Amino acid sequence: MHRCAALFLLCLPGALAACRTSDLAAKNIVIGTTTLDQIEPGCGRRFVIALLGEPMQKIELGSDRELWTWGYRERESAGGARVLIIDNQPRTETSHAAYVEFDDGRVVRAWRD
């Protein structure tokens with residue numbers, strides 16, 4: 001078997017898992033510090049999308065610089081549960097945002113509020 005074909009077959013399961021992860025992240029995303037720590041300066045746009053899903057907003061900052069934002073909400077019930085099927089308990093909901101700044105398609109920095 002050709003060496004490139006063998007490499008492709010070795011990488012295929014990881015690529016498929018990344019697709020599934022991306023689909024899940026886009027539907028139910030919580031951006032914690034562990035997730036954000038994976039986004040290092042120099043990473044490309046594809047990596048960020050695979051990790052966080054498509055951004056909510058892309059802002060052009062000029063001269064090949066962009067700022068991508070993701071919004072997410074965190075809910076917690078009075079009992080500490082994160083997911084509720086029946087909404088019969090008091091809860092708090094907090095909105096958050098995560099940001100990734102790019103220069104020429106590469107990450108400059110990533111943070112959340």
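Any read-out appearing in this document is the output of simple, stated calculations on the displayed coordinates, not a laboratory observation. The structure displayed is predicted, hence computed values, not measured ones. Cβ placement follows ideal geometry from the backbone for every residue including glycine, while neighbour counts extend to all protein chains displayed.
Overview of values
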{"quantity": "Selection from segment 38-60 of residues that are among the acidic types (Asp, Glu) and under 11 Å from ALA110 (Cβ atoms)", "calculated": "GLU40"}
{"quantity": "Total residues in segment 41-53, condition surrounded by 12 or more Cβ atoms within 10 Å (Cβ to Cβ) and in a loop (DSSP other than H, G, I, E, B)", "calculated": "2"}
